[in-house]
Each structure stands twice: as C-alpha cells, then as structure tokens.
Ligand code: IVH
C-alpha cells in the first residue's frame, strides 16, 4: 500500500474508533493500539504532508501553532439573549410573544417553548462544508470573532466530519465550549502540585484555553462542547427540537437536559426544578434559555437590534453578599508565586462563613479598582474559593486611596519580579525565602512525592528554624543526633523519622522527579517524563527539543525542566540524592538483574511487539545492562523496531547508520550475546494491514 492509501486508511480507522468512543461511548480498541494507529498516521503525515486529509484525526492532538487568530466576519451575526431574573419578567416575555404572534394572525394553540440550560462557557460558531468541519469562530463582538479552528478541532466530542445521510452538505452549528468541573479540578490539582497559581473558574479557563497558541496545549485542556443551534439554507425542520435531535443523530453532543414546555407555567416548573438539580451536572450552568419551538414562529418573531424576540435567558441568582474589605494579604507559594488574598469582615454565605477570598493577581485588583474599607460583593459560584465580584461604590469611605500592589516579598523582602506575559508576581529568592524553602521540603515529603511518614509540616518548620535542613538533599544527612535536637522529638519520633527516610528510598523514580518541585511539573508530567526518558540522567542531559517532543508535555514545562537542570545547585542536589540511594530510574527498584550482556549498549524502542509490551522490553534491556535513550541520534547503538513504527524514525536511524533490530533479533542478542553488526531486516514499507471493517 502506498503512503497516500495508508494515510487514508488510517484516517478512516481512527475516525471510526473516535466516533464509536465519543459519540456512542463504545471502546472497540485498546488505548495502546489506538495510540499506535495515531502515531503511525502522525509520522506518515509528517513525511508526506501532501497526503494529509483536511479532516485528519491527528488534528485532535493539536500540533499547529497559531500566532494571531485571524478575525472573521460572521456569515450570520451572533446575537446575545435578553436576560430576565424573575417570574414577572418571564410572564412579560410570554405576553410579548403572544401579542406579536396574534398581530401576525398566528393561532396561539400552536405555541410551545423549549427550555434548555444556559451553559456557562464560550459560544462558538462552527461551519461544515461538504460535511467537513472547516471553521470554528468565537462570538467576538457578535459581528466578527476569532478564527480558532485548529483549537476547536482538538475537542474530541465535536465531529470533524459528518457522514450521516440526512445531514446537509453545508450548515452552521452554534454551541458552547466548556470545561467540565472534573477537568477543571484536575487541572487545578496539577497546578497546585506544580506550585502554580490556581485558575479562577471553568469558564475563564475554557476561554483562555481556546486562545492558546499551541493547539497541542489546547488538546491537553480537554475542552468539551454542547451544541444548541442549527442554521442553514432550506433545512427541512419545522421545530427547534427536531433540529437539535437531527444534530444529535449526526454525532453532535446535545445536553439531554432540554424539555418541551406547553406554556409559561411549565417553563417556570422547569426553572424551579433545575435550580438545584443543575448543581449535579458535570459543567457550570448559570440559567435557563427559553426558546419558541416552532421555527416558523421564530421567523415571524424575528430579532430586535440586540437579540431574538423568540428567545430569552433566565439567570439564576448567584449567591452573593456585601462585606467590608479589611485588608489585603499576600501569600508566597512554594515556587515563589505571590497570591493576593482579600481579608474580609466575616459573613455567612451559602451556609459557610467567608473570611477570605482569593484576588488572584495584581490585574484582578486593578480590574476591581479595590480600596481598603470598600464594601465588596462576595460570590460563591461554581468555584471552590469564594470570589470578589465587585465594589459597592455608594459605600466607599471618603478619602480612601487605591491599593498599591506590593513591590517586595512580604516574607523575605526581595524585590518581586513579573515575567513577560504572566499575570503573577514572583519572589525570585528561591533559596532564602522561608515559605519557598519550607514549601519545597513539604512538597518533597508529601504523599505523591517521597511520602516520608514520620516527618510533617511542623517538623519541617522546626528543622528549618534550627538550620538542620535547607534543601531536600539535606534530609538524607539527618542523623539521630541532629533529630534529637528538635523540641519534643523523643526517641520514638527520631526512629520514625529515620525509618520514613529509609523507606522513601524505595519510592519509584516518577515520585522522586515529582518531588524535585520543578515548576510546571505535576504528578502526571513527572510520570510522562520518567516513562519517556527512563532515567534521571537522560532527563538531565536531554536537549530542549527532546523534552518538547514528549507527548503531553507542553513547551512551558519542557523549558522549565531544561532550565532547572542547567543550574549547578540542582545538579548537585540530584547527585546527593543519588548517593543517598533514591530511585533514579524507572523500574530500577523491582528490576531483576539478568546479565550484563548489553552493558555499554544503548537502545531506543519503537512500534509494537508481539512477545513483549514496550514496558517489558524496556525492563529487559535494563535488566541485561543496557541503557535506554530518548531518541534516535548518532550516539545510539540499536533501534529495536516493532510493527507500525514511524517511517521517519526508521529513515533517520538508517541515515545515521544505527543498527536496526527486530524483536526476535533482539532476543537472539540476549541468548548468545552475538551482537549483530550489520543493519539488516526491517522493511520500510511494511505496515500492518488494516482489515478492521
Ligand atoms: S441560544 C440567538 N442556547 O448564552 C441566541 N445560548 O446570552 C442563540 N448560551 O451567546 C443562543 N447556553 O453563548 C443559546 N442553551 C443555550 C445556551 C446559550 C448558553 C449562551 C450563548 C449566547 C449567550 C447569550
């Protein structure tokens, strides 16, 4: 099969599995096999870009970089909705609709409404041409928006092309892009672990994600979408609910929460029912959208300059209360990030007493225009942390002055810095700023890192005060004598601490890497890096492009890892941890040593194997004294080539004269230590044939 045919076949297969998985929730292939198909396609497309299909499924994983998002004029303006907050407003809306229709001689017994929830995300307009998703544009000012097509294509629940026979070739569909609570919380957990300031809420995070220049990073954000509006010429549907049902059959995700309502009373029942029930949904909603169901009636009602007459939004009241801003304090995180905190006069809000609220960064304080003594509105929406939403200017005390953001660290008085393009201020005094030093130690002993039972936050604090530890490596220089100097630390505590330190040496390498506290490297990132590079040495010696090449590791993280290991002190800490006996390789703690047959030889493995998983093969190489390298280079001795490996890699290895061995040849090397010297076997054009349908 030639590359063009193979690209078409792989695209077809991947589309098929995607459709099964994301639209029908059926998994017919293992994640691993799926990744292999995707990897093969990605490699082939890189080598033969002329054959890449416009709806290629590789766009899901991102890859393209958009410098500026071009402004696109909407084919049909994107209006917003009128807002209502009370039953009275709704009755007025119902009356207006009825009057308008009556004036146009429309019988009112045909009037019915559809209620949908108002999803709190970013509205998007998608254009399909000949069944293929060609553009995704944000609402912008309603007349023109940003072309974010590449980013939109990473949303897995959005079909890249429509194959259903009832779908028209060309149409527009609108909906809301959102980030689910679960993804948002996970993202914030990773940020917390990586010592980064938390995101404020899912909506802003979704919006920010959609404007990321690197679509690979967007893919990591796991955005999602609900669609609620179909537009096109000569569509055969008579009602809104027929149209959204059609969208559903074509593979679009429609929230199942909508309901047909015979009259405005039924609308109110829906609103009341969902007021609390909406909190159980996987995403943030802030109201209900009420739409006239008949599309004919919608056309008759038409639009005002700002919004349709046939629809209105009912907004639920966010629980909000006014209280006094007593002061602003500043927290210094483990990475030196400064977070301003509003210290409030305590108030009861949604069942809990609120005393503090995060102000995120200097921009937020400026945006709110805060002054000490102001009465501020505090709200508890979908966020875990209450937020300050505004200021009651009528209650502003006379002579108050605008808040000046601190210029120096509140803990160590070092001048703060603010990196280009970042909202957060940082204290750069990594080694001398107490919360940073203690934060790093606390992170190191935490559960997901080295899990050192027998030491805790308080002990770290005391050890730091006594000058016993300054860096994570100092922990392994602790002795019974030193520990005994801690107040109230009896023999048993000393014993527990030492046992905990000893036990931590068994923690897997990914935990050690996570424990290093490298900025942007959370638990997941540490795992991915360790699996890719296998050893600490490989990570420390990796070039920036090796690091950016790791799947699911963003550019910012790669740069941060690279910078971290350029610093001599960090290299020194690693050496000391190594001497202390911590795990510096994947699987080293469990690996059995089988032989030293492969000593001094380096390997890269690629593709799929029949006798081993990739992990087993890696373990086998290490157990026999071999080394795993991160990529094909002139330094590499052997490339172990499985099925479906990328042709680009194969070609590179060939060009560099790297020996290419099959799985069986690799096994033969272990048996008789007869290391081959030629570069034989694997055929370049031998991908596995499909036969999946
Ligand atoms: S229909 C012509 N339905 O609310 C108006 N909008 O304030 C078509 N929104 O810009 C919009 N959920 O971003 C509609 N179920 C829903 C919605 C919804 C959220 C957003 C949308 C729109 C804004 C209007």
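Listed values, structure above:
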| read-out | value |
| --- | --- |
| Extended-chain gain in nm, criterion 0.36 nm per residue less alpha-carbon gap, residue 377 and residue 110 | 91.7 nm |
| Value in Å of the Kirkwood radius, where the chain supplies the Cα pairs that are averaged | 29.3 |
| Between the range 510-576 and the range 323-361, the alpha-carbon center distance in angstrom | 33 |
| Exposure proxy order (Cβ contacts within 10 Å, fewest to most) of 183, 341, 267 | 341, 183, 267 |
| Residues listed by number, the range 418-439, amide nitrogen under 18 Å from residue 489 label point at 7 Å toward C-beta | 437-439 |
| FRET efficiency estimate (nearest 0.05) - Cβ-Cβ, residue 211 to residue 234, R0 45 angstrom | 0.80 |
| Whole-Å distance, taken between Cα centres, linking the range 79-104 and the range 368-423 | 40 |
| Approximate spin-label separation residue 191-residue 169, in nm, with each point projected 7 Å along Cα-to-Cβ | 4.5 |
| Contact order normalised by residue count of the range 107-223, Cα under 8 Å, 6+ apart, percent | 30 |
| For the range 322-474: relative contact order, % (alpha-carbon pairs under 8 angstrom, 6 or more apart) | 21 |
| Difference of contour (0.36 nm per residue) and Cα-Cα distance, residue 242 to residue 279 | 10.6 nm |
| Antiparallel DSSP beta bridges within the chain, percent to nearest 5 | 85 |
| Gyration tensor (alpha-carbon) shape descriptor, the range 240-295, a/c threshold 1.5 | oblate |
| Per-pair calculated FRET efficiency, R0 = 41 Å: residue 269 and residue 21 via Cβ, rounded to 0.05 | 0.70 |
| Cβ-based exposure ranking for 427, 412, in which fewest neighbours within 10 Å come first | 412, 427 |
| Pair residue 46, residue 304: separation of 7 Å Cα→Cβ label points (nm) | 5.6 |
| Full-stretch length increase - residue 614, residue 76 - with 0.36 nm per residue and alpha-carbon distance subtracted | 188.5 nm |
| Distance (nanometres) between label positions extended 7 Å along Cα→Cβ at residue 324 and residue 356 | 2.0 |
| Percent RCO, i.e. relative contact order, over the chain, from Cα pairs under 8 Å lying at least 6 residues apart | 10 |
| Highest to lowest packing among 455-463, 434-442, scored as the average C-beta count within 10 Å | 434-442, 455-463 |
| Calculated [θ] (222 nm, deg cm²/dmol) that DSSP helices of n ≥ 4 give over the chain, each run adding -39,500 (n - 2.57) | -10500 deg cm²/dmol |
| Amide N of the range 163-182 lying under 16 Å from the label point, which is placed 7 angstrom from the Cα of residue 135 along Cα→Cβ | 170-175 |
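Each value in this text was obtained by applying a stated rule to the coordinates, not by laboratory testing. Small disclaimer: the values here were computed from a predicted structure and weren't measured. For neighbour counting, all protein chains shown are included, and Cβ atoms are generated from backbone atoms with ideal geometry for every residue, glycine included.
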